[in-house]
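Colleague: The structure under discussion is supplied below as structure tokens; questions concerning it will follow.
The values are calculated or read from the model by the stated rules, or taken from the named source; none is laboratory data. Since this is a predicted model, take the numbers as computed values, not measurements. Every residue, glycine among them, receives a Cβ derived from its backbone with ideal geometry; neighbour counts consider all protein chains shown. Keep in mind that these areas ignore ligands, DNA and RNA; they rest on the heavy atoms of the full protein, side chains included. Shrake-Rupley method; radii C 1.70, N 1.55, O 1.52, S 1.80 Å.
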Amino acid sequence: MQLLKACSRCGDVIAQGNGAMCDECREKSKTRHRDYDKTGRNKQSANVYNNKAWRDVRHRVKVRDLYMCRLCYGNTRIKSMHTVHHIIPVEEDVKKEFIYNPKNLISLCQSCHLQTHVEYEKNKMEKENLQEYLRELVEQGVGEG
């Protein structure tokens, strides 16, 4: 018997092991990311995300977090991850010492990722508090908190 799960984007039932999204949502996501890379992402960030080092560390973080959103999991909800988020943003990592550091990366669902960036924009104190909480979640690990 094959295990099933919900697509992280549309909620349709898909087979476990086929990634987080159904084929249709995966294609839409690839198109959206390709367009963003061409028009929205700055060149410095593009260099960070378009290489083997990023793909490798991103994969390790996804496996570490069991492909789950860590913020949702921290609030006793289980939701598939969508994005690997930099706790210290790439633009602020002047010395480039945290870009590929798994301790600076956390798996988030789309809604938590968007909300995280909203919180980052509020004020410096809100941002620092949230960054500290995200670091604690990374340190706790999944199933250990």
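Colleague: Suppose we filter Gln110, Gln115 for residues that are open to solvent by 30 Å² or more (accessible area, probe 1.4 Å), touching a residue at least 60 places away in the same chain (Cβ under 8 Å) and within 18 Å of the chain's Cα centre (by Cα); which single one remains?
Modeller: Gln110
Colleague: Let me ask something else. Please go through (1) modelled with pLDDT of 85 or more; (2) assigned to a helix (DSSP H, G or I); (3) open to solvent by 70 Å² or more (accessible area, probe 1.4 Å) for Gln44 and return the number of the only condition it doesn't satisfy.
Modeller: (1)
Colleague: Listed residues Leu105, Leu114; which is aliphatic (A, V, I, L, M), within 18 Å of His82 (Cβ to Cβ) and at pLDDT 95 or above?
Modeller: Unique residue meeting the criteria: Leu105.
Colleague: Looking only at the stretch 66-87, how many residues end up being open to solvent by less than 40 Å² (accessible area, probe 1.4 Å), touching a helix residue (DSSP H, G or I) at 6+ places or on another chain (Cβ under 8 Å) and not polar (S, T, N, Q)?
Modeller: Adding up the residues that qualify gives 11.
Colleague: Here's another thing I want to ask about it. Looking only at the stretch 89-100, which residues are touching a residue at least 40 places away in the same chain (Cβ under 8 Å), open to solvent by 40 Å² or more (accessible area, probe 1.4 Å) and either in contact with a helix residue (DSSP H, G or I) (Cβ under 6 Å, 6 or more places away or on another chain) or not in a helix (DSSP H, G or I) (or both)?
Modeller: Tyr100
Colleague: Also, quick follow-up: Going residue by residue through the stretch 64-79, is there one that turns out to be part of a helix (DSSP H, G or I), in contact with an Asp or Glu (Cβ under 6 Å, 6 or more places away or on another chain) and modelled with pLDDT under 95?
Modeller: no
Colleague: Within the stretch 14-25, count every residue that is among the aliphatic types (A, V, I, L, M) and either within 14 Å of Lys79 (Cα to Cα) or in a loop (DSSP other than H, G, I, E, B) (or both).
Modeller: Residues in the stretch 14-25 being among the aliphatic types (A, V, I, L, M) and either within 14 Å of Lys79 (Cα to Cα) or in a loop (DSSP other than H, G, I, E, B) (or both): 2 in total.
Colleague: Residue by residue through the stretch 124-145, note down the ones that are modelled with pLDDT of 95 or more, open to solvent by 20 Å² or more (accessible area, probe 1.4 Å) and aliphatic (A, V, I, L, M).
Modeller: Leu130 - this is the single residue of the stretch 124-145 that is modelled with pLDDT of 95 or more, open to solvent by 20 Å² or more (accessible area, probe 1.4 Å) and aliphatic (A, V, I, L, M).
Colleague: Follow-up. What is the one condition in (1) in contact with a strand residue (DSSP E or B) (Cβ under 9 Å, 6 or more places away or on another chain); (2) open to solvent by 90 Å² or more (accessible area, probe 1.4 Å) that Glu121 does not satisfy?
Modeller: Unmet for Glu121, out of (1) in contact with a strand residue (DSSP E or B) (Cβ under 9 Å, 6 or more places away or on another chain); (2) open to solvent by 90 Å² or more (accessible area, probe 1.4 Å): (1).
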